[in-house]
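Here's the structure we're looking at; comments come further down.
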Amino acid sequence: MSQIKEISVPPLGDVDAVDVIEVLVQPGDTVAKDDPLITLESDKATMEVPSSEAGVVKEVLVKVGDKVKEGDPIVRLEASEAEEAEAAPPAKEEEAKAPAAAPEVQAPVSEAAPLPAPEPEPAPPPAAAPAAELPYASPSVRRFARSLGVDLSQVRGSGPKGRILREDVERYVKSRLQGAPAAGAAPGIPPVPEVDFTKFGPVERQPLSRIKRRSGPHLQRAWLNAPKVTQHHDVDITELENFRQSLKPEAEKRGIKLTPLAFVLRALPVVLKEFPQFNASLAPDGETLILKRYCHIGVAVATPDGLVVPVIRDVDRKGVWELAGELADVSARARAGKLGPNDLQGGCFSVSSLGGIGGGHFTPIVNVPEVAILGLSRARMQPVWNGGEFEPRVMLPISLSYDHRVIDGAEGAQFVVRFGQLLCDLRQLVL
């Protein structure tokens, strides 16, 4: 005999409530276990919620635009007989909880909205909208627009099927404020004038990837709000490289790729403890420094869709082998678009490594509200004067960008010099 089961929203980590941006099933659909049911969107990621049961959809309990939280029901399924036969007969109370237990959420980095046209136009309603004159937006976005006095019919939506996002409303307000600053405020940044490039030759429009559309506004905020200085330095890692090469047989046995980045992560917590102002954030009042007594480090990973920065937690409690394994795991999940919300938050300090690509020093952008980021370029063999002659040494170019409101130039120089000493002589890490 078939049984009706209710599938609920799985744990969302630190996220309280998220928007439903897609409903992927409808009544009568047959779904297998792990088939996606809906797509959710938070500030940091989009994620598909899979079904924890196989069966036929009897009722869909959410719609696009709804906000849901952990444990909220999504659909009711008529479980297939094969599925019931495989399951042990648990107590009814346990069955009711099982669907919400822990389906694994796959979370590619979420989509951000592209910049609106200079002159906002009314958004066309979605094809399935019941009332053509109503702008397509979630209830929370409508409330947000009302609180700002914004007419949504004047806002162009950049979400799926023209859905108006909170970011669209914010950009609309900013575009209206440009050229009319509040009393005592500095004028807004003038917009880049629109150019009709078709006058000069054929063109092609290509939308930015979801990750780049999401990260773009964040990078712009970081660039405008945190005055940055970049300190460059070359670190002698000759002995580190010799040691790393000697560990290759052990790495092959463990099935781990041991890269210089694992040693960088091993050394950073030592320097961050010696210079705690680098492991901190500036409070919104601009007068208080929030020192962090934990060490979670974000590592920038290049993916086909753009750059993401998953966070490796408690780096100060882990050895090189464990860090190398986590680096490989988080990089693979990032490139496959399988990072969850918890993977992308909580960082204290970030590392951006271009060693696998090449190039020299560069200027990484501080990932605010962090106050510093370390850039690594490709190590190269070069002649170094030892006092009597030139000898070949492996030199690693590093670039430390920091928020000058928190960190002085002398502190930045001291940080890179101390970090270089640790990489140059790994024996200091055990002292």
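The values are calculated or read from the model by the stated rules, or taken from the named source; none is laboratory data. Source: prediction; values computed, not measured. Note that each Cβ is placed from the backbone with ideal geometry, even for glycine, and that neighbours are counted across all protein chains shown.
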Any idea which residue in region 22-33 is nearest to the chain's Cα centre (by Cα), counting only those that are part of a loop (DSSP other than H, G, I, E, B) and surrounded by 14 or more Cβ atoms within 10 Å (Cβ to Cβ)?
-> LEU24
PHE243 being buried (at least 17 other Cβ atoms within 10 Å of the Cβ), within 21 Å of LEU376 (Cα to Cα), in contact with a Leu (Cβ under 9 Å, 6 or more places away or on another chain) and in the same structural domain as PHE390 (by TED's automatic domain parsing) = no
Does GLN345 satisfy the criteria of being in the same structural domain as ARG254 (by TED's automatic domain parsing) and touching an Asp or Glu at 6+ places or on another chain (Cβ under 8 Å)?
-> yes
Pick from region 257-284 the residues that are touching a Ser or Thr at 6+ places or on another chain (Cβ under 9 Å) and assigned to a helix (DSSP H, G or I): which of them is surrounded by the most Cβ atoms within 10 Å (Cβ to Cβ)?
-> VAL264
Please indicate, with yes or no, whether at least one residue in region 327-338 is assigned to a strand (DSSP E or B) and buried (at least 16 other Cβ atoms within 10 Å of the Cβ).
-> no
With the first residue restricted to region 269-295 and required to be at positive phi, and the second required to be not in a strand (DSSP E or B), Cβ contacts under 9 Å at 6 or more apart or on different chains are GLY286/ARG405
Scanning region 379-403 for residues that are within 24 Å of the chain's Cα centre (by Cα) and either over 20 Å from LEU354 (Cα atoms) or modelled with pLDDT under 95 (or both) gives ASP403
Residue pairs meeting the criteria (Cβ under 9 Å; at least 6 apart or on separate chains; first more than 12 Å from TRP321 (Cα to Cα), in region 238-251; second charged (D, E, K, R)) = THR238/ARG393; GLU239/ASP425; LEU240/ASP425
Which one of these does VAL235 not meet: (1) closer than 30 Å to PRO383 by Cα; (2) touching a Gly at 6+ places or on another chain (Cβ under 8 Å); (3) not in a strand (DSSP E or B)?
-> (3)
Please state which of the following conditions ALA222 fails to meet, knowing it meets all the rest: (1) at pLDDT below 90; (2) more than 26 Å from LYS292 (Cβ to Cβ); (3) part of a helix (DSSP H, G or I); (4) in contact with a strand residue (DSSP E or B) (Cβ under 9 Å, 6 or more places away or on another chain).
-> (2)
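Tell me the strands (runs of 3 or more DSSP E) entirely within region 354-424 that contain at least 1 residues that are assigned by TED's automatic domain parsing to the domain that holds THR288 and more than 30 Å from LEU289 (Cβ to Cβ).
380-385, 390-403
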Restricting attention to region 288-306, does a residue exist that is assigned to a helix (DSSP H, G or I) and either among the aromatic types (Phe, Trp, Tyr) or in contact with a strand residue (DSSP E or B) (Cβ under 7 Å, 6 or more places away or on another chain) (or both)?
-> no
